[in-house]
Amino acid sequence: MKLKALMGGLSLNELDGFEEELEEELETEIDELLQKGEIKPTGVKEESDSKQAESKEDEIEKNVVKPRIKGVMSRMNLAVEQIDLLSLTQKMRNTEYNPKRYPGLILRSRQPRSVASIFASGKVTLQTRTTGEAKQAARK
């Protein structure tokens, strides 16, 4: 699942549980490292110091960076052969199109907050903060 996410192969439905899955994997990896003895809480010599060991374990978990999803990028392919981006720019609001600088039309939406890059070939790249916003923006 990790490799699939890094390569950009997750669908929006798979992305919903991805953050929790990463957190669970991180917790199990920390537990395994503690059990193997690769990570050792310092200052613990006997089992009677277990409370101290647990606090050290909690401290280690707090210092580990946990992944957090900050944005979602979606790709779509419209069922058209060619799009006239210049006429589309003239008919729509909140658009930017300068073919000398960037080959795509940039469409900014306020509700849901998103940015879409539309290319003449019919390919669309959509950037939002959450998967829900991505689904909403894709419908518009």
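Remarks
- Heavy atoms of E59 accessible to a 1.4 Å probe, total area in Å² rounded to 10: 100 Å²
- Neighbourhood net charge (15 Å Cβ-Cβ; Lys/Arg +1, Asp/Glu -1) for G122: 0
- Heavy-atom accessible surface of region 64-111: percent carbon and sulfur, 1.4 Å: 50 percent
The values are calculated or read from the model by the stated rules, or taken from the named source; none is laboratory data. Source: prediction; values computed, not measured. Backbone-built Cβ (ideal geometry, glycine too); neighbour counts: all protein chains shown. Side chains included, ligands, DNA and RNA excluded: accessible areas come from the protein's heavy atoms. Shrake-Rupley method; radii C 1.70, N 1.55, O 1.52, S 1.80 Å.
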